[in-house]
1. Roughly how many percent of the accessible protein surface of the chain is carbon and sulfur, given a 1.4 Å probe and a whole-percent answer?
2. How large is the direction-averaged shadow of the alpha-carbon convex hull of the chain, in nm²?
3. Could you state the accessible area per residue of the chain in Å², with a 1.4 Å probe and every protein chain left in place?
4. For the chain, what is the relative contact order in percent, using Cα pairs closer than 8 Å and at least 6 residues apart in sequence?
5. Which value in Å is the Kirkwood Rh of segment 52-121 over different Cα pairs?
6. Starting from the amide H of PHE29, placed 1.01 Å from N in the peptide plane, find each other amide H under 5 Å away whose residue is 5 or more places distant or on another chain.
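The values are calculated or read from the model by the stated rules, or taken from the named source; none is laboratory data. Note that this is a predicted model, so its numbers are computed, not measured. We work out accessible area using only protein heavy atoms, side chains counted, and drop any ligands, DNA or RNA first. Shrake-Rupley method; radii C 1.70, N 1.55, O 1.52, S 1.80 Å.
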Amino acid sequence: QVQLVESGGGLVQAGGSLRLSCAASGSSFSIVGMGWYRQAPGKQRDLVATITTGGSTNYADSVKGRFTISRDNAKNTVLLQMNSLKSEDTAVYYCNIIWRRFGGLVDFASWGQGTQVTVSS
């Protein structure tokens, strides 16, 4: 099983920046993909950004040009740099990892515990 630990959320004024971090731990696994999702009160959980092992990225239209996802393969860590934050970015942010056991063919998904990001206007 893969466990995820998130950090970096908090309260920031509109226009400010925050950096989220998510570290994956476990044994005998390889990561297929990593990403961030967010869920605002009363809304569904939506994709924010994803990154593949090769470094290809994908962003929600609402965060393009403001957020940057990156990863450290050696540390099994994914980061989300959030700049020019807006009040509508307020949500709980969840890290997501797609992983596979060594020699396995089945992909599994693990989620972080969630970290609150609040942007005051």
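1. Numbers: 3100 of 6380 Å².
C and S fraction of accessible area: 49 percent.
2. Details: hull surface 29.1 nm².
Mean projected area of the Cα convex hull: 7.3 nm².
3. Numbers: 6380 Å² over 121 residues.
Counting only protein heavy atoms, the per-residue value for the chain is 53 Å².
4. Numbers: 300 pairs, mean separation 43.1, N = 121.
Value for the chain: 36 percent.
5. Values: mean 1/r = 0.0710 Å⁻¹.
Over segment 52-121, the inverse of the mean reciprocal pair distance is 14.1 Å.
6. PHE102
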